[in-house]
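Let me begin by presenting the structure, written as structure tokens, before commenting on it.
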Ligand SMILES: Cc1cc2nc3c(=O)[nH]c(=O)nc-3n(C[C@H](O)[C@H](O)[C@H](O)COP(=O)(O)OP(=O)(O)OC[C@H]3O[C@@H](n4cnc5c(N)ncnc54)[C@H](O)[C@@H]3O)c2cc1C
């Protein structure tokens, strides 16, 4: 392995690492790029996520983070179309939108509407009669709903497509884990893996929650921790629900094309904890069934755990290192990394190749002296 020197070595094989590789290679096909890490890591967030593209339901204020997420949502249709064509992997992307029942929104109803007005977000209020017509499976006591124009992607298909595209574009996919780095005080020469050294000119740390232990090998203290989410998938007839539902401490997300509904999710600060608990999964089903009673009878297909990479301030950590001249970060995407994927890939490609239009201080690694 040591003889070859890559232009860019990306550590982390989730949607973040692979999308950066994809964007770099599309921008400059001559670049020699390697992506390191297990693309099927059983706890990785990219395959555990629900795939909601939900800046409007998730954000409470129109700050820079919200605008970044909104820009990313706008990039999604073109991003998915190009990626799917190039990789040959179909990706289910829905723009049917999200619904928030009054029963779940509670006293936040007015605040949500004010936010949508202020930010000029396309939304509608559906009366109880309209809910009965558009959402016949809803429980009778759900009340009115707010519909909002956002999206939903099957994130496992998205990840499959990114890995396939990387391979087709000639990006080297090395399934070995990094165990450390060969470096001096100001620059990195190579990543150390069980299979040998992977040398490069530039390096990107994009290993989700595992960026924390990997950073330690560089003397860096990333203020990052894994936030565990337990989820499950149930089988339902195709087309039974087109919308993503934001419910009572729960959400229901359609994966399309016979893949059923995803019910999520817990938020647990319990470290690198892989356990899936039957009673917790049953709790998700029970809460979702308060909105969609038929879910009580829907066959459970699978349940799982994934780890969201959360920085102390819950903002992503993206851009050039202040400590190593050839290191870049893209991590800490927390609850919305699937949503941020296209915009994040553009942002990182700009930072790595030069020509970044605007460096965003809220995301800058310098805020943590990284
Ligand atoms: C339950 C759950 C639900 C979510 N729902 C949504 C949602 O609906 N919408 C949304 O936008 N976001 C959602 N997210 C968040 C989103 O999934 C993450 O923000 C995003 O996937 C982070 O991607 P990543 O590539 O940085 O990390 P990961 O997907 O965790 O990937 C990390 C990669 O690093 C690799 N790695 C680990 N150790 C090493 C090592 N030593 N050397 C090399 N590589 C290593 C792993 O193998 C893996 O490939 C959810 C997350 C969870 C857990």
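The values are calculated or read from the model by the stated rules, or taken from the named source; none is laboratory data. If you're wondering where the values come from, they're calculated on a predicted model, not measured in any experiment. All Cβ positions, even for glycine, are placed from backbone atoms using ideal geometry, and neighbour counts span all protein chains on display.
Counting the residues of segment 26-58 that are surrounded by fewer than 23 Cβ atoms within 10 Å (Cβ to Cβ), in contact (Cβ under 8 Å) with a residue 40 or more places away in the chain, over 21 Å from residue 192 (Cα atoms) and more than 11 Å from the ligand (Cβ to nearest atom) gives 4. The one condition from (1) more than 15 Å from the ligand (Cβ to nearest atom); (2) surrounded by fewer than 24 Cβ atoms within 10 Å (Cβ to Cβ); (3) assigned to a helix (DSSP H, G or I) that residue 71 does not meet is (1). State which residue is farthest from the ligand (Cβ to nearest atom) when the search covers only segment 315-335 and only residues that are over 19 Å from residue 181 (Cα atoms) and surrounded by fewer than 23 Cβ atoms within 10 Å (Cβ to Cβ). Out of the qualifying residues, it is 315. All conditions in (1) within 10 Å of the ligand (Cβ to nearest atom); (2) part of a strand (DSSP E or B) hold for residue 266, with the sole exception of (2).
Would you confirm, using the coordinates I've provided, whether residue 345 is within 22 Å of residue 264 (Cα to Cα) and crowded, with 20+ Cβ neighbours inside 10 Å?
So residue 345 fails the test.
When residue 144 is tested against (1) more than 14 Å from the ligand (Cβ to nearest atom); (2) over 18 Å from residue 247 (Cβ atoms), exactly one condition is not met: (2). Selection of segment 3-19 for residues being more than 13 Å from the chain's Cα centre (by Cα) and within 14 Å of the ligand (Cβ to nearest atom) yields 9, 10, 11, 12.
Within segment 85-136, the residues that satisfy the criterion of being more than 23 Å from residue 15 (Cα to Cα), assigned to a loop (DSSP other than H, G, I, E, B) and either without any contact (Cβ under 8 Å) to a residue 24 or more places away in the chain or touching a helix residue (DSSP H, G or I) at 6+ places or on another chain (Cβ under 6 Å) (or both) are 120, 121, 127, 136.
Being out of contact with any strand residue (DSSP E or B) (no Cβ under 7 Å at 6 or more places or on another chain) and at pLDDT 95 or above is true of residue 314. Among the strands (runs of 3 or more DSSP E) confined to segment 150-257, the ones with at least 2 residues that are within 14 Å of the ligand (Cβ to nearest atom) and in contact (Cβ under 8 Å) with a residue 60 or more places away in the chain are located at 151-153, 172-174, 188-193, 196-205, 224-234, 244-247, 250-254.
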